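Here the structure is laid out as structure tokens; the discussion comes afterwards.
The values are calculated or read from the model by the stated rules, or taken from the named source; none is laboratory data. Since this is a predicted model, take the numbers as computed values, not measurements. Cβ atoms come from the backbone with ideal geometry, glycine included; neighbour counts cover every protein chain shown. Accessible surface areas use protein heavy atoms only, side chains included; no ligands, DNA or RNA. Shrake-Rupley method; radii C 1.70, N 1.55, O 1.52, S 1.80 Å.
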Amino acid sequence: RTPLHWAACVRNVRCLSALLELQPSAELLVAVGDWHGMTPLHWAAFHGRARHCEVLLARGGPAAAADHLVLQRSRDGMSAAHFAAAQPASDCLEAMLRAVTEALGGSEERALQALVGARDPVRGKTLLHVASQSNSVACVRLLAPLFVRARTASAGWPVDAKQRSPLHEAAVRGHVDVVRVLLAAESGRGESSRRDTFGHTAADYARVGGHAAVVEILERRVLADLAAAANGAAAECAV
């Protein structure tokens, strides 16, 4: 690791700022990975250092910001944004969203597509998957509306390599608040009934894990979706 990697981990941001000021080629050093393929930005996000992320992105330059967030991966395929999405607070992720927007010429839509499309290449996990499995309610609240905006009317939540959605990830771990946020953002798209590669719904996993509160919420939602579908069919017949 370089001194920048270590400085990205410590709480005080002044050490990181001082090192960047002393480096004539700071833009290049910000992109250097350690033996894990982790850049200073990866480590800042891993430790939830939002101010450190802002400093690194500012010195990396607008053209490098999107590369750091979306393209540059650690050896296990994770981007800095994936680590940010796992944090309890959403400030690191918000800083990255601002940086990506600036890097893409101020286009919020292009930045949105970049973040929504960020997946780890091995498991296919999106930022919303990571936030959901990490029980990061703040990041799920930030990301869920972005994913809703980005998808088409016929598409649901993104799925990973095993066809599991963020709802599966939250349900299997019993993350009640995340399940509620996802269902509220879903707007009746039938995600509660989605099955993964093994044929299991989110409620199935919650039931096996003994997460009774999650099971109750999901079963109520399934019933509500069925009732809405029946009412819609009845209305069409009446017309």
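A simple spin-label model places the labels of Ser107 and Leu71 1.5 nm from each other, with each point 7 Å out along Cα-to-Cβ. In plain terms, the chain from Ala18 to Asp177 could stretch by 53.2 nm, reckoned as 0.36 nm per residue minus the Cα-Cα distance. Take the Cβ-Cβ distance between Gln163 and Arg1 as r, set R0 to 41 Å, and report the resulting FRET efficiency rounded to the nearest 0.05. The value I calculate is 0.65.
Per residue, the convex hull spanned by the Cα atoms of segment 170-222 amounts to 65 cubic angstrom.
The packing ranking, built from the mean of other Cβ atoms within 10 Å per residue, places the peptides 13-22, 87-96 in the order 87-96, 13-22, highest first. Only Lys, Arg, Asp and Glu carry charge here, each on its Cβ (+1 for the first two, -1 for the last two); on that basis segment 117-186 has a dipole of about 100 debye about its Cα centre.
A 1.4 Å probe over all protein chains sorts Val208, Val10, Val137, Val178 by accessible area into Val208, Val10, Val137, Val178, starting with the largest. State whether segment 107-179 is rounded, prolate or oblate according to the following rule on the C-alpha gyration tensor (a ≥ b ≥ c being the square roots of its eigenvalues): a/c under 1.5 gives rounded; otherwise a/b larger than b/c gives prolate, and the remaining case gives oblate. Note, shape of segment 107-179 comes out prolate. Summing charges over all other residues whose Cβ lies under 12 Å from the Cβ of Asp76, with Lys and Arg as +1 and Asp and Glu as -1, gives +3.
If R0 is taken as 45 Å, the Cβ-Cβ distance between His47 and Leu223 corresponds to a FRET efficiency of 0.55.
Annotation: peptides 114-126, 160-172, ranked by per-residue average of other Cβ atoms within 10 Å with the highest first, follow the order 160-172, 114-126.
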